[in-house]
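Chemist: Handing you this structure, nothing more for now.
The values are calculated or read from the model by the stated rules, or taken from the named source; none is laboratory data. Given the structure is predicted, the values throughout are model-derived calculations rather than measurements. Ideal geometry is used to build each Cβ from the backbone, glycine not excepted, and the neighbour counts take in all protein chains shown. Side chains included, ligands, DNA and RNA excluded: accessible areas come from the protein's heavy atoms. Shrake-Rupley method; radii C 1.70, N 1.55, O 1.52, S 1.80 Å.
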Amino acid sequence: MKKISAIGMILLCCAFARPGLADAGELLRKTNLVAIQNMLTQRLAKAACFIGTFTETEQYRDVLVQSREMFEANLLILKEGHGAYGISPANDAAVLDQLQRLEPIWGRLKFASDLLAETPQHPGLDVNMIEDFNLPTLKLTEELGDYYRSQITDEAEAVEMVRLTGKLATLSQRAAKEFCMTSYGISANINRNALARSIQEFDQILEDLIVGNEAFNIIAPPEAAFVQALNDLKREWSAPKRVMMAIANSMRAKTSDFIVISRTNEAIMNLSRKIADLYLNHYKEVLAEKAIERQFSQGS
């Protein structure tokens, strides 16, 4: 599916890291890849729930399968590295331990996804299993991202901007999942409360990115392309936000509500990833300029 391929391509522009400031660049790329993993856990769970409600079953089966396949491929990159993507093999004991902890939890989520993908016309306990294991998987991938960022000691602004922009896509998928799970009747009260929090956090991050927040190392958009992308996202977000807020406020979802979420959620995810890509490339250039300045100062 083309949308998945587009997300996967965001790492192709990255050069292989070299010692010094370039190490921060590689850690940012790893952080970005983990952010995609975070998003995929929620996208997969969202797809499972939409299958469970018999909403565009074949479309969401494709989303389920492709999310699972992409998570698996990215996990391999995090373990074994990929020179063309600028990611070296995992050799840090803390990273290896976290990847090992992730393995059995992801294995259960993958198993349930495989079951549902085989019989999407007959959803049942597989959807419940995916609800059970998506958040534990997300927690472990988030912890891995936290560790990568903790290793970048002198680029606080870049670290925070890559974290925030990466989180937008995850929240877009998490909110859609929570909307669906609430309506589906799985842990309805828990998911309803979580939905309200996801909407609020998405709104806060988006507003901070649009206007900047120096107290939290959040810069205002550095160029017109960033402003345009953020405004596009804000506009696209408005209609599904109204629908999801109604569900968070205990309204009952209608068929038309599922249609609104289904028709907008992928676009919101892709716009969010576009913004993350813009900022990642921006800081790639910033780090490259700092490396050149450092070389110049050492040589003078």
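Chemist: Would you confirm whether any residue within the range 177-184 is within 14 Å of the chain's Cα centre (by Cα) and at pLDDT 95 or above?
Modeler: yes
Rundown of residues vs (1) in contact with a His (Cβ under 8 Å, 6 or more places away or on another chain); (2) at pLDDT 95 or above; (3) aromatic (F, W, Y); (4) farther than 21 Å from L33 by Cα, yes/no style:
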position: E155; (1), (2), (3), (4): no, no, no, no
position: R174; (1), (2), (3), (4): no, yes, no, no
position: N189; (1), (2), (3), (4): no, yes, no, yes
position: P240; (1), (2), (3), (4): no, yes, no, yes
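Chemist: Determine whether the range 212-219 contains at least one residue that is open to solvent by less than 20 Å² (accessible area, probe 1.4 Å) and of a type in the set (F, W, Y).
Modeler: Within the range 212-219, not a single residue is open to solvent by less than 20 Å² (accessible area, probe 1.4 Å) and of a type in the set (F, W, Y).
Chemist: If only one of R149, R197, R192, R174 is closer than 30 Å to G107 by Cβ and without any contact (Cβ under 8 Å) to a residue 12 or more places away in the chain, which one is it?
Modeler: Only one candidate passes the filter, namely R197.
Chemist: Of all residues in the range 161-207, count the ones that are part of a loop (DSSP other than H, G, I, E, B) and farther than 12 Å from C49 by Cα.
Modeler: 1
Yes/no matrix, rows are residues, columns are (1) in a helix (DSSP H, G or I); (2) closer than 15 Å to Q173 by Cβ; (3) touching a helix residue (DSSP H, G or I) at 6+ places or on another chain (Cβ under 6 Å); (4) at pLDDT 95 or above:
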| position | (1), (2), (3), (4) |
| --- | --- |
| R43 | yes, yes, yes, yes |
| A47 | yes, yes, yes, yes |
| L64 | yes, yes, yes, yes |
| L76 | yes, no, no, yes |
| A84 | yes, no, no, no |
| L96 | yes, no, no, yes |
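Chemist: Right, next: Quick one: in the range 97-153, which of the residues that are among the acidic types (D, E) and more than 20 Å from the chain's Cα centre (by Cα) is least open to solvent (accessible area, probe 1.4 Å)?
Modeler: Here the residue is D126.
Yes or no, residue by residue, for (1) open to solvent by less than 50 Å² (accessible area, probe 1.4 Å); (2) not aliphatic (A, V, I, L, M):
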| site | (1), (2) |
| --- | --- |
| M39 | yes, no |
| L44 | yes, no |
| I51 | yes, no |
| T55 | yes, yes |
| E58 | no, yes |
